[in-house]
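**Q** Okay, here's the structure, questions in a sec.
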Protein chains: 2
Amino acid sequence: MPPRTTRRPSMADVARRVGVSTQTISRYYSGQGYVSEETRVRIAAVVDELGYVPNRAAGSLRARRTGTIGVLNVGELNWGSAQILSGLSAAARASGQALLIAEVDPDQGAEEWREHARAAVDHFLAAPVDAIIVSTAMQGSEEVFAAARERVPVVNLSARPRSEDPERPLPSSVGYDATRHLLELGHRRVAHLVGPRTRNEALDREAGYLRAMAEAGLEPQVLEGATDWWAPSGAAAADRLDSIDFTAVFAGNDELALGFMSRLEGRGLRAPEDYSIVGVDDMPTAAFFSPPLTTIAIDFAQIGKLALEAAVQAIETGEHRPLPIAEQPLRIRASTAPLRFGQPVGHTASTTS
Amino acid sequence: MPPRTTRRPSMADVARRVGVSTQTISRYYSGQGYVSEETRVRIAAVVDELGYVPNRAAGSLRARRTGTIGVLNVGELNWGSAQILSGLSAAARASGQALLIAEVDPDQGAEEWREHARAAVDHFLAAPVDAIIVSTAMQGSEEVFAAARERVPVVNLSARPRSEDPERPLPSSVGYDATRHLLELGHRRVAHLVGPRTRNEALDREAGYLRAMAEAGLEPQVLEGATDWWAPSGAAAADRLDSIDFTAVFAGNDELALGFMSRLEGRGLRAPEDYSIVGVDDMPTAAFFSPPLTTIAIDFAQIGKLALEAAVQAIETGEHRPLPIAEQPLRIRASTAPLRFGQPVGHTASTTS
DNA sequence: ATCACCTAAGTGATCGGTAACCTACGGCTG
DNA sequence: CAGCCGTAGGTTACCGATCACTTAGGTGAT
């Protein structure tokens, strides 16, 4: 079929058919001003008959409000960021906003990724959008978004807590809580499988871990090797270990924990008998791992909802309020257990491939 | 800060400063018509200086092309649909398109969900978008999109193969291939853990399974109980079994397989010793399940790319080509093994909770 | 009786671009 | 040297809504 022949109906078409001016139709949609009940009914009938849908591009041109919010996601959509997106999109629908999305691949060089982010921001500004939500941010991204802030409000979900930051997000306690759980079970040699350092969440969780360890007067042990948030990265981190001298591990997220557990099992070590492990996210699969994974359940959908509301607020009032923190309950499952004497980990240094 | 005070620069601002007409700036961006190299350089300098970004809403008004494509997703973003979205967004960036997204919750009544879908489509048409991509469709959604088709091209990624369907997607062979693998291992009592019947993918896979079983002259056995694609649904399906009389299972996706395996393990049955199981998706965690899951790897990112290209083609030429099928290799891991005599499943009917 | 005010609408300008058409100049060709 | 074409760019109308303002009848208070 040739590129659409019938022109889509405009507000003028509707107005003509109802026998009023376009202004009345505009009022019908905006709710501002007076439209009699009778006229309202006749408009509704014509709208339905013609299949009229107002053209947002036209409206926003004059109104200087597009009702569109840009959502920037860094890296592939994992369970968490996908959930955030779901939360955002539910809230957006509720408040009549449209969501424009862009994804930036962080696994390039630092310069390339910054260039990508800049392009994505321009993409949003071109739309144009009323606000930008940065779903997951990378370290060093602040300057890119600072430029965008001169045009539209920017809500950064994972900006690091800094006093100069306009949003001043409260520090998340995920890393601290997870580590505390392990310490309360009696573990003393608690390691942290750190997520990709380029992401702010990974840095936050590491900071929480370090704080909990310092408070307890214990030596931290950070396991490196994760280049992204997926299970193979956790496996790679496990493969790097040639000796194992911890009795508990706090993994940056559930995926990393799974990959890590899987490789340790290959070396004859199982949780919770041989070591304890706790993750973050509580993705739906985590409860079905073997063993079921103790983890911190982050209410990502709620985060998305809060972020969208914050963006709408910023659009309407220009006021940036710090994002409240969603609930983050610890879900205790079978992967963690109290430290027992004679726990093999830390004594044997098995070296299997 | 008060709601932005400085007006964003317009094309006229740039033109004035360069000393040309807006038309020349327009030509600079569109590449249509002649702009001398010298002028080009001066425009670039001013654009950079003012931080000018063309307003797509304004341009599209006259050009009747918004460069925006709507992506409708049905249900929460699971691994597959998130990957499709990633593929779409990468391809969109490459071709300069913007992606508008909306999510529709299918777990309402059939009437409610149809109403939601209609609202989402209107949302897209309001933008307006140049095309709509339906990432995962539900049964019975065709009529909703048929209405949208009168306005813009609609690419439906999971429309069921029907001769009347303008896109006539080729039937996917996922269900058939997975079942064949189990049959080739010697299994005869092969069950299918069917996905949520409301989704077309679930129906397609079931059809493939039934075809393979019929070809082999075997009695099919469909395990019901999954209301979504997540692991808890797989567990629920396992909980419904009071006797187990199969030696192999083809699960609708990896998540379902995981939930199912986890519950059977609670009943003392492990793959591949006691039964074989194969999933679909090859999500990154699947290789780290215990046992690592044999599964069909769907190249979702590729699907997204193809879909976006098809949409762009339809926009430009009005021509709907059927989507080529992405590769779907079988990844053989430890969850499937040849049928052995004396395999316990099918003999014992354990009833543990 | 006059005036203020509410209800219900209409008028014309305008947002920031693009389409279509037009102008001007130089070089090459017949 | 007239005619034609390629290059470089300008002019004007227009896309489809919203904004700011105006009109006009009816009602209640002074």
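The values are calculated or read from the model by the stated rules, or taken from the named source; none is laboratory data. Since we're looking at a predicted model, the values are computed, not measured. Ideal geometry is used to build each Cβ from the backbone, glycine not excepted, and the neighbour counts take in all protein chains shown. Surface accessibility is based on the protein's heavy atoms, side chains included, excluding ligands, DNA and RNA. Shrake-Rupley method; radii C 1.70, N 1.55, O 1.52, S 1.80 Å.
This table checks each residue for (1) among the hydrophobic types (A, V, I, L, M, F, W, C); (2) closer than 27 Å to A:Trp230 by Cβ; (3) more than 12 Å from chain A (Cβ to nearest Cβ).
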residue: B:Arg64; (1), (2), (3): no, no, no
residue: B:Gly67; (1), (2), (3): no, no, no
residue: B:Gly75; (1), (2), (3): no, yes, no
residue: B:Ala90; (1), (2), (3): yes, yes, no
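**Q** A:Ala297 passes all but one of (1) at pLDDT 95 or above; (2) open to solvent by 30 Å² or more (accessible area, probe 1.4 Å); which number fails?
**A** Evaluating A:Ala297 over (1) at pLDDT 95 or above; (2) open to solvent by 30 Å² or more (accessible area, probe 1.4 Å) leaves (2) as the failure.
**Q** If you don't mind, there's one more thing I want to ask. How many residues, within segment A:27-40, are within 12 Å of DNA strand D (Cβ to nearest atom) and in a helix (DSSP H, G or I)?
**A** 4
**Q** Follow-up. Quick check on B:Val46: is it hydrophobic (A, V, I, L, M, F, W, C), over 30 Å from B:Ile296 (Cα atoms) and more than 16 Å from DNA strand C (Cβ to nearest atom)?
**A** Against the criterion (hydrophobic (A, V, I, L, M, F, W, C), over 30 Å from B:Ile296 (Cα atoms) and more than 16 Å from DNA strand C (Cβ to nearest atom)), B:Val46 does not qualify.
**Q** Residue check: is A:Pro9 within 30 Å of A:Ile133 (Cβ to Cβ), near DNA strand D (Cβ under 10 Å from one of its atoms) and part of a loop (DSSP other than H, G, I, E, B)?
**A** For A:Pro9, the condition - within 30 Å of A:Ile133 (Cβ to Cβ), near DNA strand D (Cβ under 10 Å from one of its atoms) and part of a loop (DSSP other than H, G, I, E, B) - is not met.
**Q** Every residue in segment A:127-144 that is more than 14 Å from every other protein chain (Cβ to nearest Cβ) and among the hydroxyl-bearing types (Ser, Thr, Tyr), please.
**A** Residue satisfying the conditions is A:Ser141 alone.
**Q** Can you pull out the residues in segment A:14-53 that are of a type in the set (D, E, K, R), over 38 Å from the mean Cα position of the chain (by Cα) and away from chain B (no Cβ under 14 Å)?
**A** If the condition is that a residue be of a type in the set (D, E, K, R), over 38 Å from the mean Cα position of the chain (by Cα) and away from chain B (no Cβ under 14 Å), then A:Arg16, A:Arg17, A:Glu37, A:Glu38, A:Arg40, A:Arg42 are the ones that fit.
**Q** Next question. Do we have any residue at all in segment A:258-270 that's buried (at least 24 other Cβ atoms within 10 Å of the Cβ) and away from chain B (no Cβ under 13 Å)?
**A** Within segment A:258-270 (the criterion being buried (at least 24 other Cβ atoms within 10 Å of the Cβ) and away from chain B (no Cβ under 13 Å)), the answer is no, since none of the residues qualifies.
**Q** If you check B:Thr66, B:Thr24, which single one turns out to be within 12 Å of DNA strand D (Cβ to nearest atom) and under 19 Å from B:Ala307 (Cα atoms)?
**A** The unique qualifying residue is B:Thr66.
**Q** Test of understanding: among B:Asp245, B:Asp281, B:Asp274, B:Asp239, which residue is at positive phi and more than 10 Å from chain A (Cβ to nearest Cβ)?
**A** Result of the check over B:Asp245, B:Asp281, B:Asp274, B:Asp239: B:Asp281.
**Q** So which residues in segment A:103-126 are touching a Gly at 6+ places or on another chain (Cβ under 7 Å) and at the interface with chain B (Cβ under 7 Å from one of its Cβ atoms)?
**A** none
**Q** In segment B:211-225, is there at least one residue being closer than 16 Å to B:Ile277 by Cβ and within 14 Å of chain A (Cβ to nearest Cβ)?
**A** For segment B:211-225, residues closer than 16 Å to B:Ile277 by Cβ and within 14 Å of chain A (Cβ to nearest Cβ): absent.
**Q** Looking only at segment B:218-251, filter to residues that are part of a strand (DSSP E or B) and hydrophobic (A, V, I, L, M, F, W, C); which one of those is farthest from B:Ala271 (Cα to Cα)?
**A** B:Val222
**Q** Identify, by number, the condition in (1) crowded, with 19+ Cβ neighbours inside 10 Å; (2) more than 9 Å from DNA strand D (Cβ to nearest atom) that B:Ala57 doesn't meet.
**A** (2)
**Q** Hey, another quick one. Report whether or not A:Val35 is under 24 Å from B:Ala58 (Cα atoms) and surrounded by 14 or more Cβ atoms within 10 Å (Cβ to Cβ).
**A** no
**Q** For the structure I just gave you, tell me whether B:Gln23 is near DNA strand C (Cβ under 9 Å from one of its atoms) and either in contact with a Leu (Cβ under 7 Å, 6 or more places away or on another chain) or in a helix (DSSP H, G or I) (or both).
**A** Criteria met by B:Gln23.
**Q** Moving to a separate point now. Determine the pairs where a residue that is touching a residue at least 12 places away in the same chain (Cβ under 8 Å), located within segment A:52-63, has a partner that is among the hydroxyl-bearing types (Ser, Thr, Tyr) and part of a helix (DSSP H, G or I) with Cβ atoms under 8 Å apart, the partner being 6 or more residues away or on another chain.
**A** A:Pro54/A:Tyr29
**Q** I need every pair where a residue in segment B:14-34 that is without any contact (Cβ under 8 Å) to a residue 12 or more places away in the chain has its Cβ under 7 Å from the Cβ of a residue that is surrounded by 18 or more Cβ atoms within 10 Å (Cβ to Cβ) and part of a helix (DSSP H, G or I), sequence separation at least 6 or different chains.
**A** Sorted first by the residue in segment B:14-34, then by its partner, the pairs are B:Ala15/B:Thr24; B:Ala15/B:Ile25; B:Ser21/B:Ala15; B:Thr22/B:Met11; B:Thr22/B:Ala15; B:Gly33/B:Arg27.
**Q** Here's another thing I want to ask about it. Could you say whether any residue in segment A:289-303 is away from chain B (no Cβ under 13 Å), in contact (Cβ under 8 Å) with a residue 24 or more places away in the chain and assigned to a helix (DSSP H, G or I)?
**A** yes
**Q** Same structure, new question: Residue by residue through segment A:92-102, note down the ones that are open to solvent by less than 50 Å² (accessible area, probe 1.4 Å) and either among the charged types (D, E, K, R) or at the interface with another protein chain (Cβ under 7 Å from one of its Cβ atoms) (or both).
**A** Those that are open to solvent by less than 50 Å² (accessible area, probe 1.4 Å) and either among the charged types (D, E, K, R) or at the interface with another protein chain (Cβ under 7 Å from one of its Cβ atoms) (or both): A:Ala98, A:Leu99, A:Leu100, A:Ile101, A:Ala102.
**Q** All but one of (1) outside the structural domain of B:Leu308 (by TED's automatic domain parsing); (2) touching a residue at least 24 places away in the same chain (Cβ under 8 Å); (3) among the hydrophobic types (A, V, I, L, M, F, W, C); (4) open to solvent by 20 Å² or more (accessible area, probe 1.4 Å) hold for B:Ala110; state the number of the condition that does not hold.
**A** Of the numbered conditions (1) outside the structural domain of B:Leu308 (by TED's automatic domain parsing); (2) touching a residue at least 24 places away in the same chain (Cβ under 8 Å); (3) among the hydrophobic types (A, V, I, L, M, F, W, C); (4) open to solvent by 20 Å² or more (accessible area, probe 1.4 Å), the odd one out for B:Ala110 is (1).
**Q** Hey, among A:Arg64, A:Arg118, A:Arg7, which residue is out of contact with any Phe, Trp or Tyr (no Cβ under 9 Å at 6 or more places or on another chain), open to solvent by 40 Å² or more (accessible area, probe 1.4 Å) and within 13 Å of DNA strand C (Cβ to nearest atom)?
**A** A:Arg64
**Q** Only one of (1) touching a strand residue (DSSP E or B) at 6+ places or on another chain (Cβ under 7 Å); (2) within 10 Å of chain B (Cβ to nearest Cβ) is not met by A:Ala147, so which one is it?
**A** If we test A:Ala147 against (1) touching a strand residue (DSSP E or B) at 6+ places or on another chain (Cβ under 7 Å); (2) within 10 Å of chain B (Cβ to nearest Cβ), just (1) comes out false.
**Q** Taking the stated definitions as given, is A:Leu193 under 19 Å from A:Leu77 (Cα atoms) and either within 14 Å of chain B (Cβ to nearest Cβ) or open to solvent by less than 30 Å² (accessible area, probe 1.4 Å) (or both)?
**A** no
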